[in-house]
Amino acid sequence: MNTQEIKALNDKYIINTYGERKLAFVRGLGSRLWDADGKEYLDFFAGIAVVSLGHCHPAVTEAICTQARTLVHTSNLYYIEPQVRLAELLATHSFADRWFFANCGATANESAIKLARRYWAQQGTPKPHIIAAENSFHGRTLATITATGQKKYQAGFEPMMPGFSHVPYDDVAALEAAITPETGAILLEPIQGEGGVRVPDELYLPAVRRLCDERGVLLIFDEVQTGMGRTGKLFCHEHAGIAPDIVTVAKALGNGVPIGAMGCTETVASGFAPGTHATTFGGNPLCCAAAVATLNVLLADGFLQAVRETGAYFMEALAGLAAKHAAIKDVRGKGLMVGVELDKPAGPIVGKMLDAGIVCGPAGPNVLRFAPPLIVTRNDVDRVVSTLDAVLGEA
Ligand SMILES: *Cc1c(COP(=O)(O)O)cnc(C)c1O
């Protein structure tokens with residue numbers, strides 16, 4: 001099918017939640033994508049920070065094919081070998097002793113919210129209230145849109161879940177003032193993604209950790225976007241030198257195969273008991289085999305170091321552009337999670353970049369977001385920066 005044929009069927013049969021789009025990609029390899037009309041693109045978005053090893057990475061493709069020939073699904077009524085391998089790998093490389101596998105970011109966050117509530121209930125001191133940040137994004141289920149601090153995701157779906165409140169991000173005093181005896185957990189992104197690639201002050205996350213310890217509140221980091229090497233460390237919170245009690249990941253965990261996960265300390269894990277939480281697909285052999293292969297590449301010698309270096313090179317080049325184009329208000333990010341704040345809507349610029357063969361996206365109304373496959377080269381970065389230079393020059 002060509003683009004027009006795909007669009008015609010989409011417009012007839014797909015429920016219209018995504019609106020009009022320009023094209024359909026039909027093939028990918030590394031940092032390259034091809035659309036249904038044969039045009040090639042350089043991908044600096046990776047399917048919203050998902051395909052971190054690049055499209056059709058041979059190690060992941062091999063793992064998927066081998067597992068697909070061996071065993072695809074059995075349910076969690078039985079032990080699952082790829083699932084325990086994945087949990088062991090994640091536990092070995094993080095603070096989290098135990099893991100629960102979900103299907104996506106939202107269901108990983110649902111698991112975290114349920115665990116926090118049940119942990120305190122089990123302790124005999126129910127504290128169901130959760131504080132999240134304004135401008136945050138935690139997913140599209142009813143609990144996670146409630147946690148999400150942006151009204152546009154909630155409108156029309158009221159009533160929201162009880163027991164959530166919001167404070168300004170990167171403001172320890174606001175958080176401290178919002179804690180009550182009912183507060184069981186604080187839920188934060190270590191860098192806000194959808195909210196505009198907002199990087200908090202270096203002292204923010206350590207101060208939040210101290211506050212949680214002092215006040216007996218669990219700290220949940222939503223690393224659905226920042227996790228799995230995106231910022232140049234396996235988990236973004238490692239940059240801050242602290243760890244949460246519960247972490248969630250998803251996007252890049254399976255390099256494009258749908259999988260989410262929640263990890264926590266041994267103590268907090270005791271909040272769940274057999275029968276208290278479950279999923280049909282979560283942790284299935286196919287997805288876990290893909291995630292094991294993905295993690296093994298991310299953890300190989302020098303991989304994350306290269307992400308930090310390419311990210312620094314990219315940010316420096318963008319800072320150079322900012323000096324030249326008044327339209328650029330700010331350049332921010334960490335590793336290869338990069339935001340460019342503009343003095344105008346990002347949407348039209350994203351469209352012009354796409355016309356010029358570069359895939360990127362928005363994060364909030366005025367921020368251009370780059371989340372390339374972590375394997376991109378300096379040449380790729382140079383091409384993106386010179387294209388943005390030209391696009392901003394025309395505008
Ligand atoms: C994308 C995202 C989610 C939601 O993940 P889904 O897989 O779309 O459910 C949650 N939190 C953050 C920080 C995200 O970026």
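The values are calculated or read from the model by the stated rules, or taken from the named source; none is laboratory data. Being a predicted model, the structure only gives us computed values, none of them experimental. Cβ coordinates were reconstructed from backbone atoms using ideal geometry, including for glycine residues, and neighbour counts include every protein chain displayed.
No other residue among Phe281, Phe272 is surrounded by fewer than 19 Cβ atoms within 10 Å (Cβ to Cβ) and either aromatic (Phe, Trp, Tyr) or touching a strand residue (DSSP E or B) at 6+ places or on another chain (Cβ under 6 Å) (or both) apart from Phe281. Taken together, Leu53, Leu71 contain a single residue that is surrounded by fewer than 19 Cβ atoms within 10 Å (Cβ to Cβ) and touching a Pro at 6+ places or on another chain (Cβ under 8 Å), which is Leu71. Looking across the range 162-176, not a single residue is in contact with a helix residue (DSSP H, G or I) (Cβ under 7 Å, 6 or more places away or on another chain), exposed (fewer than 15 other Cβ atoms within 10 Å of the Cβ) and of a type in the set (A, V, I, L, M, F, W, C).
Only one of Ala290, Ala252 is within 16 Å of the ligand (Cβ to nearest atom) and part of a helix (DSSP H, G or I). Can you tell me which?
Numbers: Ala252 fails: part of a helix (DSSP H, G or I).
Exactly one of Ala290, Ala252 is within 16 Å of the ligand (Cβ to nearest atom) and part of a helix (DSSP H, G or I), namely Ala290.
Within the range 120-160, the set of residues being more than 12 Å from the ligand (Cβ to nearest atom), in a helix (DSSP H, G or I), crowded, with 21+ Cβ neighbours inside 10 Å and touching a residue at least 40 places away in the same chain (Cβ under 8 Å) comprises Trp120 only.
When Asp330, Asp301 are screened for being out of contact with any Gly (no Cβ under 6 Å at 6 or more places or on another chain), at pLDDT 95 or above, of a type in the set (Asp, Glu) and in a loop (DSSP other than H, G, I, E, B), only Asp301 passes. Condition check: surrounded by fewer than 24 Cβ atoms within 10 Å (Cβ to Cβ), over 25 Å from Ile179 (Cβ atoms) and under 17 Å from the mean Cα position of the chain (by Cα). Does Leu299 satisfy that? Judged against the criteria, Leu299 is not a match.
Tell me, which helices (runs of 4 or more DSSP H) wholly within the range 44-119 include 3 or more residues that are more than 16 Å from the ligand (Cβ to nearest atom) and either touching a Lys or Arg at 6+ places or on another chain (Cβ under 8 Å) or touching a residue at least 24 places away in the same chain (Cβ under 8 Å) (or both)? Walk me through it before giving the result.
Details: elements: 46-49, 58-70, 81-92.
Because the criterion is at least 3 residues that are more than 16 Å from the ligand (Cβ to nearest atom) and either touching a Lys or Arg at 6+ places or on another chain (Cβ under 8 Å) or touching a residue at least 24 places away in the same chain (Cβ under 8 Å) (or both), the helices (runs of 4 or more DSSP H) in the range 44-119 that meet it are 58-70, 81-92.
Output the residues belonging to the range 367-389 that are free of Cβ contacts under 8 Å to residues at least 12 places away in the same chain and within 12 Å of Leu321 (Cβ to Cβ). Give the derivation first.
The first filter runs over the range 367-389 and keeps only residues free of Cβ contacts under 8 Å to residues at least 12 places away in the same chain, leaving 379, 386.
Residue satisfying the conditions is Ser386 alone.
Quick one: is Thr280 of a type in the set (Ser, Thr, Tyr), within 16 Å of the ligand (Cβ to nearest atom) and under 30 Å from Thr66 (Cα atoms)? Don't jump to the end; show me each part of the working.
Numbers: of a type in the set (Ser, Thr, Tyr): yes; within 16 Å of the ligand (Cβ to nearest atom): no; under 30 Å from Thr66 (Cα atoms): yes.
Spelling it out, it is not the case that Thr280 is of a type in the set (Ser, Thr, Tyr), within 16 Å of the ligand (Cβ to nearest atom) and under 30 Å from Thr66 (Cα atoms).
Take the residues in the range 255-287 that are assigned to a loop (DSSP other than H, G, I, E, B) and within 17 Å of the chain's Cα centre (by Cα), then tell me which one is farthest from Glu214 (Cα to Cα). The selected residue is Gly256.
Considering every residue within the range 177-197, establish whether at least one is under 14 Å from Thr148 (Cα atoms), of a type in the set (S, T, N, Q) and in contact with a helix residue (DSSP H, G or I) (Cβ under 7 Å, 6 or more places away or on another chain). No - not one qualifying residue is present in the range 177-197.
Condition check ((1) buried (at least 22 other Cβ atoms within 10 Å of the Cβ); (2) within 15 Å of the ligand (Cβ to nearest atom); (3) over 19 Å from Leu89 (Cβ atoms)) across all residues:
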| residue | (1), (2), (3) |
| --- | --- |
| Val208 | yes, no, yes |
| Leu211 | no, no, yes |
| Val217 | yes, no, yes |
| Met228 | yes, yes, no |
| Cys236 | yes, yes, no |
| Ala240 | no, no, yes |
| Asp245 | yes, no, yes |
| Met262 | yes, yes, no |
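In summary, Ile191 fulfils each of the numbered conditions (1) surrounded by fewer than 24 Cβ atoms within 10 Å (Cβ to Cβ); (2) within 16 Å of the ligand (Cβ to nearest atom) with the single exception of condition (1). Within the range 211-240, residues that are aromatic (Phe, Trp, Tyr) reach partners that are within 16 Å of the ligand (Cβ to nearest atom) and modelled with pLDDT of 95 or more with beta carbons closer than 6 Å, at six or more positions or on different chains, in the pairs Phe221/Pro190; Phe221/His237; Phe221/Pro244; Phe221/Val247; Phe235/Glu223; Phe235/Gly227.
Condition check ((1) touching a residue at least 40 places away in the same chain (Cβ under 8 Å); (2) at negative phi; (3) basic (Lys, Arg); (4) out of contact with any His (no Cβ under 8 Å at 6 or more places or on another chain)) across all residues:
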position	(1), (2), (3), (4)
Ala243	yes, yes, no, no
Ala252	yes, yes, no, yes
Asn255	yes, no, no, no
Pro274	no, yes, no, yes
Cys288	yes, yes, no, yes
Val297	yes, yes, no, no
Gly302	no, no, no, yes
Glu309	no, yes, no, yes
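Only one entry of Ala363, Ala346, Ala290, Ala356 meets the criterion of being among the small types (Gly, Ala, Ser) and farther than 23 Å from Leu23 by Cα, and that entry is Ala290.
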